[in-house]
Amino acid sequence: MRKLIQIAALGVLSTIALVGCDKQQEAEKPAAPVAVEVKMPTDATDKAAWKAYLVDVVKRNMAGVTSGRPYMYFVPAGEDQAAQDERIAQTTQVSGVVARTVLPGNMLAFGGPDSKLTGDLILDSFKDAKAGAFKDVIVLFIGSPADQQRVQDAVAPSGATFRFVEMK
């Protein structure tokens, strides 16, 4: 009987020691890296920096999105022919997406260095949207508060959930 008690005590002590070691190993694990917010670029021509900033803003505003990836549109600034051509092509592309509608749970995100140009693209793209066709779709506009209301008014008839994030 005495040996049985010693074996049981040894088993209990071994279990306690193993649990203690496991907790010590957990404490020694490095903490998960904290995501650092990407700052808004100051150079309107630095497309790579702007795209990184916009991706960061979109990631922080994905609540309610159930699709794998949002539709993201970077609207370039500038009045040179290349920038104008790119905006025209994007307007055509987004207008086509809006005309075909987007499945619920998706997000369309828009941003760029010039909030007015970004807002104009959204207005042009949503002008022929079918009423209620974007129910449960999120439209994210990253721009200036001065453009927020006009963009929100343009998106509203589509039934989309409008989100606004101020560029800063």
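Each value in this text was obtained by applying a stated rule to the coordinates, not by laboratory testing. This is a predicted model, so every value here is computed, not measured. We place every Cβ from the backbone using ideal geometry, glycine too, and count neighbours over all the protein chains shown.
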### Task
For an R0 of 22 angstrom, estimate the FRET efficiency from the Cβ-Cβ distance between D153 and R60 and round to the nearest 0.05.
0.35
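Can you tell me the dipole magnitude for the stretch 47-166 around its Cα centre, using point charges on the Cβ only (Lys, Arg +1; Asp, Glu -1), in Debye to the nearest 20?
That gives the stretch 47-166 a dipole magnitude of about 500 debye.
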### Task
Can you tell me how much longer the chain between K39 and A99 gets when fully stretched, taken as 0.36 nm per residue apart minus their C-alpha distance, in nm with one decimal?
18.2 nm
### Query
Fully extended, how many nm does the chain gain between A82 and E166 (0.36 nm per residue separation, minus their Cα-Cα distance)?
27.6 nm
### Query
How high is the relative contact order of the stretch 47-166, in percent, with contacts defined as C-alpha pairs under 8 Å that are six or more residues apart?
25 percent
### Message
Given R₀ = 41 Å, what would the calculated FRET efficiency be for K127 paired with A48, taking r from the Cβ atoms and rounding to 0.05?
### Response
0.85
